[in-house]
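Novice: Dumping the structure here so I can ask a few things about it.
The values are calculated or read from the model by the stated rules, or taken from the named source; none is laboratory data. Keep in mind the model is a prediction, meaning the values are calculated, not measured. For neighbour counting, all protein chains shown are included, and Cβ atoms are generated from backbone atoms with ideal geometry for every residue, glycine included. Just the protein is used for accessible areas: all its heavy atoms, side chains included, with ligands, DNA and RNA removed. Shrake-Rupley method; radii C 1.70, N 1.55, O 1.52, S 1.80 Å.
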Amino acid sequence: MDFELSPEERDFEREVEAFLRENASPEVMDAHPEQLSQTVDTPAKRAFMAKLAERGWLGMSWPKAYGGAERPGIYDYILTEALSRWGAPQPGKGVGIVGKTIIRHGSERMKRAFLPRIMRGEIEFAIGYSEPGAGSDAANMQLKATKVDGGWRLDGQKIWTTSAHFADYYWLGARTDPAAPKHKGITLFLIPMNAAGLSIRPTWTIGDERTNEVFFDGVFAPDESVVGQLNQGWTYVCEALDLERFAMMPIGPLEKKVEALLGALREGTREGRPLRREPEVRSRAARIATELEVARMLQRRVIAEAVKGGVPTVQSSMYKLFMNEAGKRVANAALDLLGPGAQLKPGAAGAPLGGRFERSYRYTVVDTIGGGTSEIQKNIIARRALGLPASY
Ligand SMILES: Cc1cc2nc3c(=O)[nH]c(=O)nc-3n(C[C@H](O)[C@H](O)[C@H](O)COP(=O)(O)OP(=O)(O)OC[C@H]3O[C@@H](n4cnc5c(N)ncnc54)[C@H](O)[C@@H]3O)c2cc1C
């Protein structure tokens, strides 16, 4: 079995790496990238996205009819991985979730309005599925959509909407048919984030990341803001969630963390004695290196399925579950092995590795929740791969 990139794919990876070296800047890149740390917007980050667009790298796997280059999906993966290793902004939401869903299900008008702007890297999106009573059970969303002349009136609340505080557009699910079974009464809408009646309140996570509550008070969503067919939203959400686990869960941040930790264990000392001589250190280092390799292999199964045109549901769940839980184990190992100083916050004097593992210790918990919790991934694996009954 050949898991390696082809010569052309390697050339592309080298081209992206060279671009990133040329454009490396602390204004654009996080020194200590975490998985979801895509929650800050600055003019420098937008200018960087425009540069990716100039290279033709945004939407490169889309059909030519919509301005894409019909490059195989593996190229999107190579780009995202390289960006994630450098802690650079990633185009996953616009290109991978919104763009791909509009291509499959959106109206011609919506395609013309949004696809070119996504390809130019001009617009940012926020995704609104979760609500106070609809997280793991996202199909239970209750944001109320009432039919009015020329569109819909939206009333209710979303929670955990990452990027709402800087996004240009809001991609959200609302209940358009309250009488239908819960999976069949949801419609997807795409509305401007500055629509009248929308208000946003910050929520800070234990990983220092900002996400948001969003309140709807009579927000008007015109008929043309409906994505695809009325009441078919849940089908599109499920398709997009599979894409999210693929397009937005790169392994780069875990690789960088393991690299940093193993480097510190090789070089570090405790009470004058080299850490690398400690049996506990050597044992856990070997285990961490093995877990990273397992995560890489699971990710390649996801990619292999996606590149064949399949929907890698079970593979994505196995990858997300293992990779995120391994991230937690790496952070735990760092705090155990690097000594008490590893509990110092980023920026504190004397914090080993700039305090990255204190933050990582808190952040890796968040990773196991966003995009579907670890328990939900286990449910998917139990049901779809093992034929076991649902837990609910
Ligand atoms: C940082 C961050 C960013 C996010 N960004 C977004 C975003 O941009 N847009 C968006 O729509 N959502 C977003 N989310 C929401 C995320 O998808 C939900 O938090 C997640 O799906 C869990 O839902 P919940 O928080 O309501 O927890 P709950 O569903 O209430 O779960 C609570 C606990 O019960 C467990 N549990 C629930 N159901 C089951 C079950 N059937 N079997 C076994 N265990 C179960 C869960 O695993 C969890 O441990 C974000 C979340 C975080 C933390």
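Novice: Name the one entry in 389, 352, 312, 346 that is over 21 Å from residue 257 (Cβ atoms) and more than 16 Å from the ligand (Cβ to nearest atom).
Specialist: Among 389, 352, 312, 346, only 312 is over 21 Å from residue 257 (Cβ atoms) and more than 16 Å from the ligand (Cβ to nearest atom).
Novice: Taking segment 47-60 as the search range and keeping residues that are open to solvent by less than 30 Å² (accessible area, probe 1.4 Å) and not aliphatic (A, V, I, L, M), which one is nearest to residue 114 (Cα to Cα)?
Specialist: Initial filter on segment 47-60 (open to solvent by less than 30 Å² (accessible area, probe 1.4 Å)): 48-49, 52-53, 57-60.
Add one more test, that the residue is not aliphatic (A, V, I, L, M), and what stays is 48, 57, 59.
Values: 48: 19, 57: 17, 59: 12 Å.
Checking each candidate, the answer is 59.
Novice: Which pairs have Cβ atoms under 6 Å, sit 6 or more apart or on different chains, and link a residue in segment 154-165 that is under 18 Å from residue 225 (Cα atoms) and among the aromatic types (Phe, Trp, Tyr) to one that is within 7 Å of the ligand (Cβ to nearest atom) and assigned to a strand (DSSP E or B)?
Specialist: Short answer, once both residue conditions are applied: none.
Novice: Let me ask you something else. Looking at the structure I just gave you, is residue 203 within 12 Å of the ligand (Cβ to nearest atom), within 19 Å of the chain's Cα centre (by Cα) and open to solvent by 20 Å² or more (accessible area, probe 1.4 Å)? Reasoning before the result, please.
Specialist: On the way: within 12 Å of the ligand (Cβ to nearest atom): yes; within 19 Å of the chain's Cα centre (by Cα): yes; open to solvent by 20 Å² or more (accessible area, probe 1.4 Å): yes.
When the stated conditions are applied, residue 203 passes them.
Novice: Keeping to segment 355-386, report how many residues are more than 7 Å from the ligand (Cβ to nearest atom) and among the β-branched types (Val, Ile, Thr).
Specialist: Initially, segment 355-386 is screened for residues more than 7 Å from the ligand (Cβ to nearest atom), giving 355-365, 367-368, 377-378, 380-386.
Cutting the leftovers down to among the β-branched types (Val, Ile, Thr) gives us 364-365, 368, 380-381.
Residues that pass the stated criteria total 5.
Novice: Looking at segment 120-142, I want the residues that are under 30 Å from residue 42 (Cβ atoms) and have a partner that is among the polar types (S, T, N, Q) and near the ligand (Cβ under 6 Å from one of its atoms) with Cβ atoms under 9 Å, at least 6 apart or on another chain. Which pairs are those?
Specialist: Sorted first by the residue in segment 120-142, then by its partner, the pairs are 126/161; 126/162; 127/161; 127/162; 128/161; 129/161; 130/161; 135/373.
Novice: Only residues in segment 199-221 that are in contact (Cβ under 8 Å) with a residue 12 or more places away in the chain count as the first member; pair them with residues that are within 9 Å of the ligand (Cβ to nearest atom) and small (Gly, Ala, Ser), Cβ under 7 angstrom, at least 6 apart or cross-chain, and list the lot.
Specialist: Sorted first by the residue in segment 199-221, then by its partner, the pairs are 200/164; 212/164; 214/128; 214/164.
Novice: Counting just the residues of segment 129-144 that are open to solvent by less than 50 Å² (accessible area, probe 1.4 Å), part of a loop (DSSP other than H, G, I, E, B) and touching a Gly at 6+ places or on another chain (Cβ under 8 Å), which one comes out farthest from the ligand (Cβ to nearest atom)?
Specialist: Ranking the candidates gives 143 first.
Yes/no per residue for (1) within 17 Å of the chain's Cα centre (by Cα); (2) at pLDDT below 95; (3) under 15 Å from residue 359 (Cα atoms):
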position: 279; (1), (2), (3): no, no, no
position: 288; (1), (2), (3): no, no, no
position: 303; (1), (2), (3): yes, yes, no
position: 310; (1), (2), (3): no, yes, no
position: 321; (1), (2), (3): yes, no, no
position: 334; (1), (2), (3): no, no, yes
position: 344; (1), (2), (3): no, no, yes
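Novice: Also: Could you tell me which of the residues 176, 187, 211 is more than 14 Å from the ligand (Cβ to nearest atom) and open to solvent by less than 10 Å² (accessible area, probe 1.4 Å)?
Specialist: Numbers: 176 fails: open to solvent by less than 10 Å² (accessible area, probe 1.4 Å); 211 fails: more than 14 Å from the ligand (Cβ to nearest atom).
On inspection, the qualifying residue turns out to be 187.
Novice: When you look at residue 68, is it among the small types (Gly, Ala, Ser), in a loop (DSSP other than H, G, I, E, B), touching a helix residue (DSSP H, G or I) at 6+ places or on another chain (Cβ under 6 Å) and farther than 15 Å from residue 307 by Cα, yes or no? Spell out the reasoning first.
Specialist: Details: among the small types (Gly, Ala, Ser): yes; in a loop (DSSP other than H, G, I, E, B): yes; touching a helix residue (DSSP H, G or I) at 6+ places or on another chain (Cβ under 6 Å): no; farther than 15 Å from residue 307 by Cα: yes.
No.
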